[in-house]
Amino acid sequence: MKTITKTMIGIMFIAASINLSAQVNNHLNDNTMENIKAGKNEVRFKSQGVQLAGLLFTPEDFDANKKYATVVFSGPFNQVKEQMGAVYGHKFAGKGYVFLSFDHLGYGDSEGDIRDNENAFIKMESVRDAISYLSTLPFVDKSKLYGLGGCASGGYIPMVAVTDKRMAAIATVSGMMDNKSSYFGVMTKEQLMPLFEMANAARQKAYETGKVEYYDALNMANTDPSNEGYDYYMTERAGKQTYPNYNHMAPLFLMENAPMTSATDYAPYLYTPYIGIIGEYTMPKEGETPLPLHTGPLTVNFYKVASEPKELYEVKGATHVSLYDIDKDVDRAVVKMDEFFKKYSK
């Protein structure tokens, strides 16, 4: 047993040395301190062998010689850094935080051969590397490093936090906490098999031809006025007209990975302070047929089984999407998260 333990410790030290060497070679400090100013800064950092592009927001009175509480943000399905992340970046910087919103691998200004691939496992690795990058910056207070996930990343950030204890606390906004239940919880084998087979065929085609098939994963063809996703993603509010790098289409083989993620399964083992933010109208009323953006129960279910300490906050009058960019709703969410984060440090 002692021999096994010594061997494991040796492996851990070797891995740590390799990681340190890789970090040095990644040139994570190319964004030198004299180039970081108050406000919005364009930065780049290494993740999974490629360069990722980010926006680093700093307070109005930013001083690189001081230490700041810092938030790493990962956004909703297929979003780029200029959308929800930039909104929250400005808000948190206004409260004295450093805030990183970045384009995941294959998104926006970041490198990556397969574009707009909503793969939870790839994105979680990017979040870990974003934390590593922030931890190299001398003005980041590593004892006050926090995580924030929006919508899809509401499921990813907690899964990262289960084993990545560099984050002192985490928050989710309009979190999609349990993709597994959205597939296996509501669909039969007869319904699921054709989806998986279609995704497998798309992967095989991409492997053989290099051509990736894309589909409208968010059903943005639905122009019904009640579809607040359309109002956000397909108009000047936050669509391509305003953010040319954004694309609502996703690879067809997305459906191989999406059903395999469930932050709720890991919630009892989180052990990191957690606050979940939901909008009032994300909760279906009694007797009401749940709609796609009635996502509140996903956060509520996660909260119920999550380890302590934890809080749940409902923004009155808010919807799933209004918490992306509507000032009156975002402001209340940020105030609550700020209060929560200030309770915890490493």
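Numbers for the structure displayed
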quantity	calculated
Sole exception among (1) part of a loop (DSSP other than H, G, I, E, B); (2) of a type in the set (Phe, Trp, Tyr); (3) in contact with a helix residue (DSSP H, G or I) (Cβ under 9 Å, 6 or more places away or on another chain) for Tyr344, by number	(3)
Residue in the range 203-213 that is more than 20 Å from the chain's Cα centre (by Cα), surrounded by fewer than 19 Cβ atoms within 10 Å (Cβ to Cβ) and within 30 Å of Ile326 (Cα to Cα) present	no
Per-region count, the range 193-248, residues within 26 Å of Leu291 (Cα to Cα), out of contact with any Ser or Thr (no Cβ under 9 Å at 6 or more places or on another chain) and hydrophobic (A, V, I, L, M, F, W, C)	10
Boolean, Gly175 is farther than 26 Å from Ile36 by Cβ, in a loop (DSSP other than H, G, I, E, B) and in contact with a Leu (Cβ under 8 Å, 6 or more places away or on another chain)	yes
Residue among Asp113, Asp109, Asp103 that alone is charged (D, E, K, R), in contact with an Asp or Glu (Cβ under 8 Å, 6 or more places away or on another chain) and farther than 26 Å from Lys67 by Cα	Asp109
Only one of Asp265, Asp331 that is under 30 Å from Ala201 (Cα atoms), modelled with pLDDT of 95 or more, outside any loop (DSSP other than H, G, I, E, B) and out of contact with any His (no Cβ under 7 Å at 6 or more places or on another chain)	Asp265
Qualifying residue in the range 19-36 (condition: of a type in the set (Ser, Thr, Tyr) and either modelled with pLDDT of 95 or more or in a helix (DSSP H, G or I) (or both))	yes
Pairs, first free of Cβ contacts under 8 Å to residues at least 40 places away in the same chain in the range 280-296, second in a loop (DSSP other than H, G, I, E, B) and among the small types (Gly, Ala, Ser), C-beta under 6 Å, six or more apart	Glu280/Gly317; Glu280/Ala318
Conditions (1) over 20 Å from Gly147 (Cα atoms); (2) touching an Asp or Glu at 6+ places or on another chain (Cβ under 9 Å); number of the one not met by Phe302	(1)
Matching residues in the range 272-293 - criterion: being polar (S, T, N, Q), in a loop (DSSP other than H, G, I, E, B) and at pLDDT 95 or above	Thr272
Pairs, first more than 12 Å from Asn78 (Cα to Cα) in the range 242-262, second surrounded by fewer than 21 Cβ atoms within 10 Å (Cβ to Cβ) and of a type in the set (Val, Ile, Thr), C-beta under 9 Å, six or more apart	Thr242/Thr235; Leu252/Val212; Phe253/Val212; Asn257/Ile122
Per-region count, the range 113-155, residues hydroxyl-bearing (Ser, Thr, Tyr) and assigned to a strand (DSSP E or B)	2
Enumeration of residues in the range 183-223 that are outside any helix (DSSP H, G or I), of a type outside the set (Gly, Ala, Ser) and closer than 18 Å to Met249 by Cβ	Lys211, Val212, Glu213, Tyr214, Tyr215, Asp216, Leu218, Asn219, Met220, Asn222, Thr223
Residue that is nearest to Tyr281 (Cα to Cα) [pool: residues in the range 298-321 that are hydrophobic (A, V, I, L, M, F, W, C) and over 19 Å from the mean Cα position of the chain (by Cα)]	Ala318
Failed criterion for Tyr281 (all others in (1) in contact with a helix residue (DSSP H, G or I) (Cβ under 7 Å, 6 or more places away or on another chain); (2) crowded, with 20+ Cβ neighbours inside 10 Å hold)	(1)
The range 294-309, subset assigned to a helix (DSSP H, G or I) and not aliphatic (A, V, I, L, M), residue nearest to Phe340 (Cα to Cα)	Tyr303
Meets criteria (in contact with a strand residue (DSSP E or B) (Cβ under 9 Å, 6 or more places away or on another chain), in contact (Cβ under 8 Å) with a residue 24 or more places away in the chain, surrounded by fewer than 17 Cβ atoms within 10 Å (Cβ to Cβ) and not hydrophobic (A, V, I, L, M, F, W, C)) for Lys142	yes
Yes/no for Met198 being over 24 Å from His104 (Cα atoms) and either in contact with an Asp or Glu (Cβ under 6 Å, 6 or more places away or on another chain) or touching a residue at least 40 places away in the same chain (Cβ under 8 Å) (or both)	yes
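The values are calculated or read from the model by the stated rules, or taken from the named source; none is laboratory data. Quick caveat, the model's predicted, so the values are computed rather than measured. Cβ atoms come from the backbone with ideal geometry, glycine included; neighbour counts cover every protein chain shown.
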